[in-house]
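Since the structure comes first, as structure tokens, the remarks are kept for the end.
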């Protein structure tokens, strides 16, 4: 789940409060292996990359819906088109990688 991939604050301590099991285990694991290793193992960087991409989308393409807001279908089509353009931009800038060993 996405919420267990958010790192606790650096000064976080184990809590006895109910519902804090995932947070407590994250704190304990960070103490054992270190924050950077925990982020890598937990998939935090993947979440971070998706947030960066959404920020790019909002800034570069989605500042505002340009068409009139008179029809929901028109707005939906515009968002879909802008999403396709953004996806094309991402694929153009991605390296072609392959495993060699």
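Of all residues in segment 21-45, those satisfying the criterion of being in a helix (DSSP H, G or I) and in contact (Cβ under 8 Å) with a residue 24 or more places away in the chain are 35, 38, 39, 42, 44.
Consider segment 26-42 and keep the residues that are touching a helix residue (DSSP H, G or I) at 6+ places or on another chain (Cβ under 8 Å) and either within 16 Å of residue 9 (Cβ to Cβ) or at pLDDT 90 or above (or both). The one that is surrounded by the fewest Cβ atoms within 10 Å (Cβ to Cβ) is 33.
The values are calculated or read from the model by the stated rules, or taken from the named source; none is laboratory data. Everything numeric in this text was worked out from a predicted model, so none of it was measured. Ideal geometry is used to build each Cβ from the backbone, glycine not excepted, and the neighbour counts take in all protein chains shown.
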